[in-house]
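The values are calculated or read from the model by the stated rules, or taken from the named source; none is laboratory data. A quick note: this is a predicted structure, and the numbers were derived from the prediction, not measured. As a convention, Cβ positions derive from the backbone with ideal geometry for all residues, glycine included, and neighbour counts pool all protein chains shown. Quick note on the areas: whole protein, heavy atoms, side chains included, nothing else; ligands and nucleic acids left out. Shrake-Rupley method; radii C 1.70, N 1.55, O 1.52, S 1.80 Å.
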Amino acid sequence: MNSQRDLRQELLRQIPAVDQILQRPSVASWVNRTSRGFVVSEIQTLLARLRSDLRGTGAPADNAVDVAGIEMQLTERLQYRISPVLTTVINATGVILHTNLGRAPLSAAAQKSLSAVSAQYTNVEYDLDRGARSHRDQLVEPVLMELLGCEAATVVNNNAAAVFLILDTHATGKEVVVSRGELIEIGGSFRIPEIMARSGARLCEVGTTNKTRLADYEAAIGPETAMLLRVHTSNYRIRGFTERPSLGELADLARRCNLPLVEDIGSGSLVDLKPYGIADEPMAQDSIAAGVALVCFSADKLLGGPQAGIIAGSRRWLDPIRRNPLMRTYRVDKLVYGALEATLISYRTGQALREIPVLRLLSMPLQELTLRGKRFLRRLRSTLPPGASAVALAGESVVGGGSCPDVSLPTLLLALTSDQLSANEIETRLRRQHPPIIARLEDDRVLIDLRTVFLAQEKTLQKGIIEAMS
Ligand SMILES: *Cc1c(COP(=O)(O)O)cnc(C)c1O
(Lines give C-alpha, C1' and ligand atoms only; values in the text may rest on other atoms or scores of the structure.)
Protein backbone atom coordinates (compact mmCIF):
# COMPACT_ATOMS: atom_id res chain seq x y z
CA MET A 1 0.00 0.00 0.00
CA ASN A 2 2.66 2.38 1.10
CA SER A 3 4.79 1.73 -1.97
CA GLN A 4 1.83 2.43 -4.21
CA ARG A 5 1.25 5.73 -2.49
CA ASP A 6 4.91 6.55 -2.91
CA LEU A 7 4.70 5.71 -6.59
CA ARG A 8 1.73 8.05 -6.95
CA GLN A 9 3.58 10.86 -5.21
CA GLU A 10 6.60 10.26 -7.35
CA LEU A 11 4.56 10.24 -10.58
CA LEU A 12 2.70 13.41 -9.56
CA ARG A 13 6.06 15.10 -9.06
CA GLN A 14 7.26 13.92 -12.46
CA ILE A 15 4.35 15.35 -14.48
CA PRO A 16 6.05 17.49 -17.13
CA ALA A 17 5.61 21.24 -17.08
CA VAL A 18 3.41 22.93 -19.68
CA ASP A 19 6.47 24.63 -21.21
CA GLN A 20 8.24 21.33 -21.59
CA ILE A 21 5.30 19.89 -23.53
CA LEU A 22 5.08 23.04 -25.65
CA GLN A 23 8.63 22.46 -26.83
CA ARG A 24 7.86 19.08 -28.38
CA PRO A 25 8.00 19.52 -32.17
CA SER A 26 4.50 18.22 -32.90
CA VAL A 27 3.05 20.46 -30.19
CA ALA A 28 4.98 23.45 -31.50
CA SER A 29 3.48 22.85 -34.91
CA TRP A 30 0.00 22.83 -33.35
CA VAL A 31 0.80 26.21 -31.78
CA ASN A 32 1.75 27.49 -35.23
CA ARG A 33 -1.40 26.16 -36.85
CA THR A 34 -3.79 27.24 -34.10
CA SER A 35 -2.79 29.47 -31.20
CA ARG A 36 -0.68 29.24 -28.09
CA GLY A 37 -3.68 29.99 -25.89
CA PHE A 38 -5.71 27.11 -27.36
CA VAL A 39 -2.89 24.57 -27.05
CA VAL A 40 -1.94 25.67 -23.53
CA SER A 41 -5.52 25.35 -22.34
CA GLU A 42 -5.77 21.85 -23.84
CA ILE A 43 -2.48 20.87 -22.15
CA GLN A 44 -3.78 22.15 -18.84
CA THR A 45 -6.99 20.16 -19.23
CA LEU A 46 -5.02 17.03 -20.05
CA LEU A 47 -2.62 17.48 -17.12
CA ALA A 48 -5.45 18.20 -14.70
CA ARG A 49 -7.10 14.96 -15.75
CA LEU A 50 -3.81 13.10 -15.38
CA ARG A 51 -3.34 14.51 -11.85
CA SER A 52 -6.81 13.48 -10.82
CA ASP A 53 -6.27 10.00 -12.32
CA LEU A 54 -3.06 9.64 -10.34
CA ARG A 55 -4.82 10.63 -7.12
CA GLY A 56 -7.60 8.13 -7.89
CA THR A 57 -7.84 4.51 -6.87
CA GLY A 58 -6.60 2.51 -9.88
CA ALA A 59 -2.97 1.42 -10.00
CA PRO A 60 -1.09 4.04 -12.05
CA ALA A 61 0.80 2.92 -15.15
CA ASP A 62 4.56 3.32 -14.91
CA ASN A 63 4.68 5.40 -18.05
CA ALA A 64 1.69 7.62 -17.08
CA VAL A 65 3.79 10.78 -17.03
CA ASP A 66 6.02 9.97 -19.98
CA VAL A 67 6.31 13.10 -22.15
CA ALA A 68 6.04 11.19 -25.42
CA GLY A 69 2.86 9.47 -24.21
CA ILE A 70 1.37 12.77 -23.09
CA GLU A 71 2.32 14.32 -26.42
CA MET A 72 0.46 11.56 -28.25
CA GLN A 73 -2.65 11.95 -26.11
CA LEU A 74 -2.48 15.70 -26.58
CA THR A 75 -2.29 15.60 -30.36
CA GLU A 76 -5.23 13.18 -30.43
CA ARG A 77 -7.19 15.54 -28.23
CA LEU A 78 -6.25 18.58 -30.32
CA GLN A 79 -7.35 16.79 -33.48
CA TYR A 80 -10.65 15.93 -31.81
CA ARG A 81 -11.11 19.49 -30.57
CA ILE A 82 -10.78 21.02 -34.03
CA SER A 83 -13.13 18.52 -35.67
CA PRO A 84 -16.76 19.65 -35.96
CA VAL A 85 -19.24 17.47 -34.11
CA LEU A 86 -21.64 17.69 -37.04
CA THR A 87 -20.39 15.15 -39.53
CA THR A 88 -21.61 13.11 -42.45
CA VAL A 89 -22.74 9.56 -41.81
CA ILE A 90 -23.50 6.57 -43.99
CA ASN A 91 -27.22 5.93 -43.74
CA ALA A 92 -27.52 2.16 -44.11
CA THR A 93 -30.97 2.04 -42.48
CA GLY A 94 -33.00 2.26 -45.68
CA VAL A 95 -35.05 5.06 -44.11
CA ILE A 96 -35.04 7.65 -46.88
CA LEU A 97 -36.23 10.69 -44.90
CA HIS A 98 -34.52 9.96 -41.59
CA THR A 99 -35.23 13.03 -39.47
CA ASN A 100 -32.37 12.24 -37.07
CA LEU A 101 -30.00 11.95 -40.01
CA GLY A 102 -31.04 15.27 -41.52
CA ARG A 103 -33.92 14.25 -43.82
CA ALA A 104 -33.30 14.96 -47.50
CA PRO A 105 -29.77 14.78 -48.92
CA LEU A 106 -29.51 17.57 -51.49
CA SER A 107 -29.15 17.34 -55.25
CA ALA A 108 -25.87 18.17 -56.98
CA ALA A 109 -27.34 21.43 -58.24
CA ALA A 110 -28.49 22.39 -54.75
CA GLN A 111 -25.04 21.62 -53.32
CA LYS A 112 -23.43 23.70 -56.00
CA SER A 113 -25.71 26.62 -55.31
CA LEU A 114 -25.08 26.33 -51.57
CA SER A 115 -21.38 26.43 -52.00
CA ALA A 116 -21.44 29.32 -54.47
CA VAL A 117 -23.84 31.42 -52.45
CA SER A 118 -22.10 30.77 -49.15
CA ALA A 119 -18.76 32.37 -49.90
CA GLN A 120 -19.75 35.48 -51.81
CA TYR A 121 -22.14 38.40 -51.82
CA THR A 122 -25.49 37.64 -53.42
CA ASN A 123 -28.63 39.36 -54.65
CA VAL A 124 -30.66 37.75 -51.88
CA GLU A 125 -32.61 40.97 -51.28
CA TYR A 126 -31.43 43.07 -54.15
CA ASP A 127 -33.24 43.66 -57.43
CA LEU A 128 -30.56 43.66 -60.11
CA ASP A 129 -32.84 45.30 -62.73
CA ARG A 130 -33.85 48.24 -60.60
CA GLY A 131 -30.73 48.41 -58.48
CA ALA A 132 -32.84 48.57 -55.36
CA ARG A 133 -33.90 46.56 -52.34
CA SER A 134 -36.22 43.65 -52.99
CA HIS A 135 -37.78 40.82 -50.99
CA ARG A 136 -36.01 37.49 -50.65
CA ASP A 137 -39.17 35.65 -51.68
CA GLN A 138 -38.64 36.99 -55.20
CA LEU A 139 -35.99 34.27 -55.55
CA VAL A 140 -38.35 31.30 -55.40
CA GLU A 141 -41.82 32.74 -55.73
CA PRO A 142 -41.85 32.69 -59.55
CA VAL A 143 -40.84 29.04 -59.79
CA LEU A 144 -43.31 28.06 -57.05
CA MET A 145 -46.10 29.93 -58.85
CA GLU A 146 -45.23 28.07 -62.01
CA LEU A 147 -45.00 24.62 -60.39
CA LEU A 148 -48.02 24.93 -58.12
CA GLY A 149 -50.22 27.17 -60.21
CA CYS A 150 -50.61 29.57 -57.28
CA GLU A 151 -50.75 33.37 -57.08
CA ALA A 152 -48.17 33.78 -54.36
CA ALA A 153 -45.74 31.83 -52.21
CA THR A 154 -43.38 32.44 -49.33
CA VAL A 155 -40.72 30.49 -47.48
CA VAL A 156 -40.26 30.08 -43.73
CA ASN A 157 -38.03 28.04 -41.47
CA ASN A 158 -40.05 24.82 -41.58
CA ASN A 159 -43.59 23.59 -41.97
CA ALA A 160 -44.30 23.85 -38.25
CA ALA A 161 -43.50 27.56 -38.51
CA ALA A 162 -45.71 27.80 -41.59
CA VAL A 163 -48.72 26.37 -39.73
CA PHE A 164 -48.09 28.63 -36.75
CA LEU A 165 -47.72 31.78 -38.85
CA ILE A 166 -50.90 31.06 -40.79
CA LEU A 167 -52.86 30.61 -37.56
CA ASP A 168 -51.22 33.60 -35.90
CA THR A 169 -52.00 35.83 -38.86
CA HIS A 170 -55.56 34.78 -39.60
CA ALA A 171 -57.08 33.14 -36.54
CA THR A 172 -55.85 34.71 -33.29
CA GLY A 173 -58.77 35.12 -30.89
CA LYS A 174 -61.08 33.27 -33.26
CA GLU A 175 -62.11 29.72 -34.09
CA VAL A 176 -60.53 27.25 -36.46
CA VAL A 177 -62.63 24.32 -37.60
CA VAL A 178 -60.75 20.99 -37.81
CA SER A 179 -61.93 17.42 -38.16
CA ARG A 180 -61.42 15.18 -35.10
CA GLY A 181 -59.67 12.70 -37.36
CA GLU A 182 -56.92 15.20 -38.19
CA LEU A 183 -55.65 16.37 -34.81
CA ILE A 184 -52.19 15.05 -35.49
CA GLU A 185 -48.99 14.86 -33.54
CA ILE A 186 -45.83 14.91 -35.64
CA GLY A 187 -42.63 13.71 -33.98
CA GLY A 188 -40.80 16.30 -31.93
CA SER A 189 -43.96 17.42 -30.13
CA PHE A 190 -45.62 19.29 -32.97
CA ARG A 191 -49.30 18.91 -32.09
CA ILE A 192 -52.09 20.70 -33.88
CA PRO A 193 -54.11 21.48 -30.71
CA GLU A 194 -51.02 22.87 -28.96
CA ILE A 195 -49.75 24.94 -31.84
CA MET A 196 -53.24 26.33 -32.17
CA ALA A 197 -53.41 27.25 -28.48
CA ARG A 198 -50.07 29.03 -28.80
CA SER A 199 -51.27 31.07 -31.74
CA GLY A 200 -54.24 32.22 -29.70
CA ALA A 201 -56.72 30.50 -32.00
CA ARG A 202 -59.51 28.34 -30.58
CA LEU A 203 -59.84 24.82 -31.84
CA CYS A 204 -63.32 23.86 -32.97
CA GLU A 205 -63.34 20.09 -33.44
CA VAL A 206 -65.96 18.64 -35.72
CA GLY A 207 -67.09 15.15 -36.69
CA THR A 208 -65.60 12.01 -35.20
CA THR A 209 -62.28 10.24 -35.48
CA ASN A 210 -63.37 8.18 -38.47
CA LYS A 211 -66.19 10.20 -40.05
CA THR A 212 -66.51 13.90 -40.66
CA ARG A 213 -69.07 15.21 -43.15
CA LEU A 214 -69.39 18.50 -44.95
CA ALA A 215 -72.49 19.16 -42.83
CA ASP A 216 -70.35 18.92 -39.68
CA TYR A 217 -68.15 21.75 -40.93
CA GLU A 218 -71.16 23.73 -42.05
CA ALA A 219 -72.87 23.43 -38.68
CA ALA A 220 -69.76 24.59 -36.85
CA ILE A 221 -69.29 27.78 -38.83
CA GLY A 222 -70.43 30.87 -36.96
CA PRO A 223 -69.49 34.51 -36.37
CA GLU A 224 -66.37 33.43 -34.45
CA THR A 225 -65.01 31.23 -37.22
CA ALA A 226 -61.79 32.42 -38.83
CA MET A 227 -60.69 29.45 -40.88
CA LEU A 228 -61.28 25.87 -41.98
CA LEU A 229 -58.19 23.75 -41.53
CA ARG A 230 -57.47 20.45 -43.19
CA VAL A 231 -54.43 18.48 -42.02
CA HIS A 232 -52.87 15.57 -43.80
CA THR A 233 -52.51 12.66 -41.39
CA SER A 234 -48.92 12.20 -42.48
CA ASN A 235 -47.84 9.54 -40.00
CA TYR A 236 -51.02 7.51 -39.55
CA ARG A 237 -54.05 6.40 -41.56
CA ILE A 238 -57.63 5.91 -40.56
CA ARG A 239 -59.08 2.98 -42.48
CA GLY A 240 -62.34 1.11 -42.67
CA PHE A 241 -65.63 2.87 -41.96
CA THR A 242 -64.43 6.35 -42.83
CA GLU A 243 -65.64 9.45 -44.60
CA ARG A 244 -64.56 12.99 -45.20
CA PRO A 245 -65.57 15.64 -47.73
CA SER A 246 -63.40 16.18 -50.77
CA LEU A 247 -61.06 19.14 -50.72
CA GLY A 248 -63.09 20.77 -53.50
CA GLU A 249 -66.30 20.53 -51.44
CA LEU A 250 -64.57 22.08 -48.44
CA ALA A 251 -63.11 24.84 -50.60
CA ASP A 252 -66.59 25.64 -51.94
CA LEU A 253 -68.01 25.80 -48.44
CA ALA A 254 -65.18 28.08 -47.30
CA ARG A 255 -65.69 30.38 -50.28
CA ARG A 256 -69.43 30.61 -49.66
CA CYS A 257 -68.69 31.67 -46.09
CA ASN A 258 -65.87 34.02 -47.12
CA LEU A 259 -63.41 32.04 -45.00
CA PRO A 260 -59.99 30.70 -45.94
CA LEU A 261 -59.55 26.94 -46.29
CA VAL A 262 -56.00 26.13 -45.22
CA GLU A 263 -54.40 22.78 -45.83
CA ASP A 264 -51.29 21.45 -44.10
CA ILE A 265 -50.22 18.66 -46.42
CA GLY A 266 -47.04 17.77 -44.52
CA SER A 267 -44.70 16.33 -47.10
CA GLY A 268 -46.05 18.07 -50.13
CA SER A 269 -44.87 16.06 -53.05
CA LEU A 270 -44.63 17.93 -56.34
CA VAL A 271 -44.67 14.80 -58.50
CA ASP A 272 -47.05 11.88 -58.63
CA LEU A 273 -45.45 9.05 -56.67
CA LYS A 274 -48.17 6.48 -57.36
CA PRO A 275 -45.96 4.57 -59.82
CA TYR A 276 -43.55 4.00 -56.92
CA GLY A 277 -46.13 2.66 -54.52
CA ILE A 278 -46.87 5.95 -52.73
CA ALA A 279 -50.55 6.43 -53.32
CA ASP A 280 -51.86 8.78 -50.69
CA GLU A 281 -49.40 11.63 -50.37
CA PRO A 282 -51.16 14.81 -51.50
CA MET A 283 -49.54 16.94 -54.17
CA ALA A 284 -49.31 20.65 -53.47
CA GLN A 285 -50.53 21.64 -56.94
CA ASP A 286 -53.67 19.50 -56.45
CA SER A 287 -54.53 21.45 -53.32
CA ILE A 288 -54.16 24.73 -55.19
CA ALA A 289 -56.27 23.39 -58.04
CA ALA A 290 -58.97 22.26 -55.59
CA GLY A 291 -59.25 25.86 -54.45
CA VAL A 292 -57.60 26.09 -51.04
CA ALA A 293 -56.76 29.60 -49.85
CA LEU A 294 -53.38 28.44 -48.57
CA VAL A 295 -51.43 25.22 -48.57
CA CYS A 296 -48.28 24.61 -46.54
CA PHE A 297 -45.67 21.87 -46.60
CA SER A 298 -42.06 20.96 -45.78
CA ALA A 299 -39.27 21.45 -48.28
CA ASP A 300 -37.10 18.68 -46.83
CA LYS A 301 -39.54 15.79 -46.94
CA LEU A 302 -40.71 14.32 -50.25
CA LEU A 303 -39.78 17.53 -52.06
CA GLY A 304 -36.15 16.64 -51.39
CA GLY A 305 -34.77 20.09 -50.63
CA PRO A 306 -33.31 21.95 -47.64
CA GLN A 307 -35.19 22.44 -44.37
CA ALA A 308 -37.88 25.04 -44.99
CA GLY A 309 -41.62 25.47 -44.94
CA ILE A 310 -43.49 26.69 -47.98
CA ILE A 311 -46.77 28.59 -47.83
CA ALA A 312 -48.53 28.98 -51.17
CA GLY A 313 -51.94 30.14 -52.32
CA SER A 314 -53.89 33.27 -53.02
CA ARG A 315 -52.44 36.73 -52.57
CA ARG A 316 -55.40 37.81 -50.48
CA TRP A 317 -54.50 35.34 -47.72
CA LEU A 318 -50.74 35.29 -48.17
CA ASP A 319 -49.99 39.02 -48.14
CA PRO A 320 -51.11 39.49 -44.51
CA ILE A 321 -48.76 36.65 -43.52
CA ARG A 322 -45.86 38.45 -45.18
CA ARG A 323 -46.72 41.54 -43.16
CA ASN A 324 -46.90 39.63 -39.86
CA PRO A 325 -44.03 40.91 -37.68
CA LEU A 326 -43.36 37.32 -36.60
CA MET A 327 -42.45 36.53 -40.21
CA ARG A 328 -39.04 37.98 -39.53
CA THR A 329 -38.41 35.43 -36.78
CA TYR A 330 -38.94 32.56 -39.21
CA ARG A 331 -36.94 34.07 -42.06
CA VAL A 332 -34.55 31.69 -43.76
CA ASP A 333 -30.98 32.25 -44.83
CA LYS A 334 -29.70 32.85 -48.36
CA LEU A 335 -28.22 29.33 -48.26
CA VAL A 336 -31.68 27.85 -47.94
CA TYR A 337 -33.02 29.97 -50.79
CA GLY A 338 -30.09 28.87 -52.95
CA ALA A 339 -30.58 25.18 -52.26
CA LEU A 340 -34.35 25.43 -52.53
CA GLU A 341 -34.33 27.27 -55.83
CA ALA A 342 -31.90 24.77 -57.36
CA THR A 343 -34.12 21.92 -56.14
CA LEU A 344 -37.23 23.52 -57.61
CA ILE A 345 -35.51 24.06 -60.96
CA SER A 346 -35.15 20.26 -61.24
CA TYR A 347 -38.95 20.09 -61.10
CA ARG A 348 -39.28 22.86 -63.69
CA THR A 349 -37.08 21.00 -66.16
CA GLY A 350 -38.79 17.67 -65.56
CA GLN A 351 -35.58 16.14 -64.19
CA ALA A 352 -36.67 15.81 -60.57
CA LEU A 353 -36.80 12.01 -60.54
CA ARG A 354 -33.29 11.85 -61.90
CA GLU A 355 -31.67 14.69 -60.02
CA ILE A 356 -33.25 14.77 -56.59
CA PRO A 357 -31.77 12.11 -54.32
CA VAL A 358 -34.95 11.51 -52.29
CA LEU A 359 -36.93 10.76 -55.44
CA ARG A 360 -34.14 8.66 -56.91
CA LEU A 361 -33.93 6.56 -53.75
CA LEU A 362 -37.71 6.21 -53.58
CA SER A 363 -37.99 5.06 -57.13
CA MET A 364 -34.95 2.77 -57.16
CA PRO A 365 -36.17 -0.52 -58.62
CA LEU A 366 -35.74 -3.75 -56.67
CA GLN A 367 -33.79 -5.16 -59.59
CA GLU A 368 -31.13 -2.48 -59.23
CA LEU A 369 -30.96 -2.95 -55.45
CA THR A 370 -30.61 -6.71 -55.89
CA LEU A 371 -27.80 -6.32 -58.37
CA ARG A 372 -25.96 -3.86 -56.17
CA GLY A 373 -26.57 -5.94 -53.06
CA LYS A 374 -25.24 -9.13 -54.57
CA ARG A 375 -22.18 -7.42 -55.97
CA PHE A 376 -21.49 -5.75 -52.63
CA LEU A 377 -21.98 -9.02 -50.78
CA ARG A 378 -19.51 -10.82 -53.03
CA ARG A 379 -16.85 -8.20 -52.41
CA LEU A 380 -17.60 -8.04 -48.71
CA ARG A 381 -17.46 -11.81 -48.18
CA SER A 382 -14.03 -12.06 -49.76
CA THR A 383 -12.66 -9.74 -47.07
CA LEU A 384 -14.71 -10.60 -43.98
CA PRO A 385 -12.71 -11.66 -40.92
CA PRO A 386 -13.11 -15.23 -39.64
CA GLY A 387 -16.28 -15.80 -37.63
CA ALA A 388 -18.13 -12.99 -39.41
CA SER A 389 -20.83 -13.63 -41.95
CA ALA A 390 -23.09 -11.68 -44.26
CA VAL A 391 -26.19 -12.96 -46.03
CA ALA A 392 -28.72 -11.36 -48.32
CA LEU A 393 -32.41 -11.41 -47.53
CA ALA A 394 -35.56 -9.83 -48.87
CA GLY A 395 -36.83 -6.89 -46.84
CA GLU A 396 -38.32 -3.45 -46.95
CA SER A 397 -37.13 0.14 -46.94
CA VAL A 398 -39.34 2.89 -45.54
CA VAL A 399 -39.92 6.48 -46.56
CA GLY A 400 -39.69 7.88 -43.00
CA GLY A 401 -39.80 11.51 -41.93
CA GLY A 402 -43.27 10.96 -40.54
CA SER A 403 -44.73 10.21 -43.92
CA CYS A 404 -46.17 7.28 -45.83
CA PRO A 405 -46.78 5.01 -42.80
CA ASP A 406 -48.31 2.31 -45.00
CA VAL A 407 -45.71 2.28 -47.71
CA SER A 408 -42.91 -0.23 -47.76
CA LEU A 409 -40.51 -0.42 -50.62
CA PRO A 410 -39.15 -3.90 -51.38
CA THR A 411 -35.39 -4.04 -51.03
CA LEU A 412 -32.47 -6.42 -50.52
CA LEU A 413 -31.00 -6.40 -47.03
CA LEU A 414 -27.61 -7.63 -45.93
CA ALA A 415 -27.65 -9.28 -42.52
CA LEU A 416 -24.39 -9.19 -40.56
CA THR A 417 -23.63 -11.70 -37.80
CA SER A 418 -20.51 -12.79 -35.98
CA ASP A 419 -19.37 -15.62 -33.69
CA GLN A 420 -17.42 -13.15 -31.59
CA LEU A 421 -19.70 -10.13 -31.43
CA SER A 422 -23.34 -9.64 -30.55
CA ALA A 423 -25.57 -7.71 -32.92
CA ASN A 424 -25.55 -4.82 -30.46
CA GLU A 425 -21.78 -4.77 -30.45
CA ILE A 426 -21.58 -4.80 -34.23
CA GLU A 427 -24.11 -1.98 -34.46
CA THR A 428 -22.13 0.10 -31.93
CA ARG A 429 -18.84 -0.54 -33.67
CA LEU A 430 -20.34 0.48 -37.01
CA ARG A 431 -21.51 3.69 -35.40
CA ARG A 432 -17.98 4.42 -34.16
CA GLN A 433 -16.43 4.22 -37.63
CA HIS A 434 -15.24 7.29 -39.52
CA PRO A 435 -17.61 8.16 -41.09
CA PRO A 436 -20.15 6.55 -38.74
CA ILE A 437 -22.29 3.81 -40.29
CA ILE A 438 -25.89 3.80 -39.10
CA ALA A 439 -27.45 0.35 -39.53
CA ARG A 440 -30.74 -1.26 -38.57
CA LEU A 441 -30.90 -3.60 -35.59
CA GLU A 442 -33.67 -6.19 -35.94
CA ASP A 443 -34.23 -9.64 -34.41
CA ASP A 444 -30.69 -9.73 -33.07
CA ARG A 445 -29.25 -9.05 -36.49
CA VAL A 446 -27.57 -6.03 -37.97
CA LEU A 447 -29.19 -5.12 -41.27
CA ILE A 448 -27.72 -3.01 -44.04
CA ASP A 449 -30.01 -1.51 -46.67
CA LEU A 450 -28.08 -0.22 -49.66
CA ARG A 451 -31.01 1.87 -50.89
CA THR A 452 -29.90 4.85 -48.79
CA VAL A 453 -26.17 4.24 -49.29
CA PHE A 454 -24.80 6.22 -52.21
CA LEU A 455 -22.73 4.32 -54.76
CA ALA A 456 -19.69 6.42 -53.95
CA GLN A 457 -19.97 5.34 -50.30
CA GLU A 458 -19.90 1.59 -50.94
CA LYS A 459 -16.13 1.22 -50.58
CA THR A 460 -16.08 3.12 -47.32
CA LEU A 461 -19.04 1.08 -46.10
CA GLN A 462 -17.25 -2.15 -46.93
CA LYS A 463 -14.12 -1.02 -45.11
CA GLY A 464 -16.15 0.08 -42.11
CA ILE A 465 -18.02 -3.23 -41.88
CA ILE A 466 -14.78 -5.18 -42.01
CA GLU A 467 -13.17 -3.04 -39.37
CA ALA A 468 -16.23 -3.19 -37.13
CA MET A 469 -16.40 -6.99 -37.37
CA SER A 470 -12.69 -7.61 -36.81
C1 LIG B 1 -43.91 17.01 -41.00
C2 LIG B 1 -45.17 17.72 -40.79
C3 LIG B 1 -45.20 18.95 -40.13
C4 LIG B 1 -43.96 19.58 -39.59
O5 LIG B 1 -43.11 19.93 -40.64
P6 LIG B 1 -41.59 20.38 -40.36
O7 LIG B 1 -41.10 20.83 -41.68
O8 LIG B 1 -40.92 19.19 -39.82
O9 LIG B 1 -41.66 21.48 -39.35
C10 LIG B 1 -46.41 19.58 -39.97
N11 LIG B 1 -47.55 19.02 -40.44
C12 LIG B 1 -47.56 17.83 -41.08
C13 LIG B 1 -48.86 17.28 -41.56
C14 LIG B 1 -46.37 17.14 -41.27
O15 LIG B 1 -46.37 15.97 -41.91
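I want to confirm something. Restricting to segment 254-291 and keeping residues that are open to solvent by 20 Å² or more (accessible area, probe 1.4 Å) and polar (S, T, N, Q), which single residue is nearest to the ligand (Cβ to nearest atom)?
285
Looking at residue 237 and the list (1) assigned to a helix (DSSP H, G or I); (2) open to solvent by less than 60 Å² (accessible area, probe 1.4 Å); (3) within 24 Å of residue 279 (Cβ to Cβ); (4) of a type outside the set (A, V, I, L, M, F, W, C), which single condition is not satisfied?
Against the list (1) assigned to a helix (DSSP H, G or I); (2) open to solvent by less than 60 Å² (accessible area, probe 1.4 Å); (3) within 24 Å of residue 279 (Cβ to Cβ); (4) of a type outside the set (A, V, I, L, M, F, W, C), residue 237 comes up short only on (1).
If a residue must be crowded, with 16+ Cβ neighbours inside 10 Å, of a type in the set (Ser, Thr, Tyr) and part of a loop (DSSP other than H, G, I, E, B), how many such residues does segment 102-121 contain?
Residues meeting the conditions: 1.
Being part of a helix (DSSP H, G or I), within 16 Å of the ligand (Cβ to nearest atom) and modelled with pLDDT under 95 is the requirement here; does residue 195 meet it?
In short, yes.
Of everything in segment 215-231 that's in contact with a helix residue (DSSP H, G or I) (Cβ under 9 Å, 6 or more places away or on another chain) and open to solvent by less than 20 Å² (accessible area, probe 1.4 Å), which residue is nearest to the ligand (Cβ to nearest atom)?
This residue is 231.
Restricting segment 133-172 to residues that are among the aliphatic types (A, V, I, L, M) and in a strand (DSSP E or B), which is nearest to the ligand (Cβ to nearest atom)?
156
What strands (runs of 3 or more DSSP E) completely inside segment 351-450 contain at least 1 residues that are of a type in the set (Asp, Glu) and closer than 30 Å to residue 270 by Cα?
388-400, 445-449
Since residue 359 meets every condition but one in (1) within 21 Å of residue 156 (Cβ to Cβ); (2) within 18 Å of the chain's Cα centre (by Cα), which condition does it not meet?
(1)
Kindly indicate the residue of segment 173-191 that is under 13 Å from residue 236 (Cβ atoms) and open to solvent by less than 10 Å² (accessible area, probe 1.4 Å) and also farthest from the ligand (Cβ to nearest atom) among those meeting that condition.
Out of the qualifying residues, it is 181.
Mind counting the residues in segment 55-101 that are assigned to a loop (DSSP other than H, G, I, E, B) and touching a residue at least 60 places away in the same chain (Cβ under 8 Å)?
Adding up the residues that qualify gives 7.
Is there a residue in segment 377-392 that is closer than 30 Å to residue 186 by Cβ, away from the ligand (no atom under 16 Å from the Cβ) and in contact (Cβ under 8 Å) with a residue 60 or more places away in the chain?
Within segment 377-392, none of the residues are closer than 30 Å to residue 186 by Cβ, away from the ligand (no atom under 16 Å from the Cβ) and in contact (Cβ under 8 Å) with a residue 60 or more places away in the chain.
Output yes when any residue across segment 242-249 is crowded, with 23+ Cβ neighbours inside 10 Å and modelled with pLDDT of 95 or more, and no when none is.
no
What pairs can you find where one residue is in segment 203-217 and over 16 Å from residue 233 (Cβ atoms), the other is among the hydroxyl-bearing types (Ser, Thr, Tyr) and surrounded by 16 or more Cβ atoms within 10 Å (Cβ to Cβ), and their Cβ atoms are less than 9 Å apart, with a gap of 6+ or different chains?
From residues that are over 16 Å from residue 233 (Cβ atoms), the pairs are 204/225; 216/179; 217/179.
Considering each residue of segment 292-336, count those that are within 11 Å of the ligand (Cβ to nearest atom) and of a type in the set (Lys, Arg), and give that number.
The number of residues fulfilling the criteria is 1.
Given the criteria more than 16 Å from the ligand (Cβ to nearest atom) and open to solvent by less than 50 Å² (accessible area, probe 1.4 Å), does residue 212 qualify? Full working, then the answer.
Details: more than 16 Å from the ligand (Cβ to nearest atom): yes; open to solvent by less than 50 Å² (accessible area, probe 1.4 Å): yes.
Criteria met by residue 212.
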